[in-house]
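Okay, structure first, notes after.
Each reported figure results from applying straightforward, stated rules to the coordinates on display, with no laboratory input. Keep in mind it's a predicted model, so treat the numbers as computed, not measured. Glycine also receives a Cβ, built like all others from the backbone with ideal geometry; neighbour counts cover every protein chain displayed.
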Amino acid sequence: MGISIWQLLIILVIVILLFGTKRLRSLGSDLGGSIKSFRSAVKEGEEDEKPQSESEDHNIEPEVKSSNVNLDKEKH
């Protein structure tokens, strides 16, 4: 039911014939650089959020809201 190894090899040969090894090599290096850049950006974002969330945890004060809603006014 799934794709066999022979089908994958045939697809790989067709892709190499269509694009050539030079183009595939540059495409692979560009993709690898993009992934590396994305991972470093995600890691920087996580580092930026950690100190901010830790400082917010210490400054949290309970919020007390008044629930003085007069339901009689809504009925009229």
Distance (nanometres) between label positions extended 7 Å along Cα→Cβ at Lys36 and Ser4: 3.9 nm
Calculated FRET efficiency for the pair Val15/Glu46, C-beta based, R₀ 35 Å, to 0.05: 0.45
